[in-house]
Amino acid sequence: QVQLVESGGGLVQPGGSLRLSCAASGSIVSMNVMAWYRQAPGKERELVAISVSGAFTRYADFVKGRFTISRDNVKNMVYLQMNTLKPEDTAVYYCNAVDGAARVYWGQGTQVTVSS
């Protein structure tokens, strides 16, 4: 059982940047997928960025060119660098992992608010 803990959220002005961190309680080397999702009030949870086996990454169209997912298999950390933030990026951001047995893990979420 792996626990995921997000941090780094907060209030930022439009155009600003934040880096979210996700700390895993165990090794992420065996995780086939590490990803970030978000959920805005009244909306469904949606995929933001995904790293598959550390081999390739994919991004939702609405964050392409602005967000970057990265993983550190030594520190068991996953990051989401968010640049040029917009008010519509306001949401709770969740770290997600899927292991080789297709077990899914979620963090508790971290709030990101983009507002002037």
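The values are calculated or read from the model by the stated rules, or taken from the named source; none is laboratory data. Please read these numbers as outputs of a predicted model, since none were measured by experiment. Positions of Cβ are generated from backbone atoms using ideal geometry, with glycine treated the same way; all protein chains shown enter the neighbour counts. When the accessible area is computed, the model is the full protein with side chains, heavy atoms only, and any ligands, DNA or RNA have been set aside. Shrake-Rupley method; radii C 1.70, N 1.55, O 1.52, S 1.80 Å.
Scanning the stretch 71-97 for residues that are at pLDDT 95 or above, part of a strand (DSSP E or B) and out of contact with any Lys or Arg (no Cβ under 8 Å at 6 or more places or on another chain) returns Cys95, Asn96, Ala97. Quick one: is Tyr105 under 12 Å from the mean Cα position of the chain (by Cα), hydroxyl-bearing (Ser, Thr, Tyr) and part of a strand (DSSP E or B)? Here the answer is no, as Tyr105 does not meet what is asked.
Across the stretch 93-100, not a single residue is classified as acidic (Asp, Glu) and open to solvent by 20 Å² or more (accessible area, probe 1.4 Å). Only one of the listed residues (Ser27, Ser17) is among the small types (Gly, Ala, Ser) and under 21 Å from Ala97 (Cβ atoms). That residue is Ser27. Hey, can you tell me all the residues within the stretch 37-66 that are in contact with a Ser or Thr (Cβ under 9 Å, 6 or more places away or on another chain) and among the hydrophobic types (A, V, I, L, M, F, W, C)? Correct list: Ala40, Ala49, Ile50. The number of residues in the stretch 59-69 being part of a strand (DSSP E or B) and either open to solvent by less than 40 Å² (accessible area, probe 1.4 Å) or at pLDDT below 95 (or both) comes to 2.
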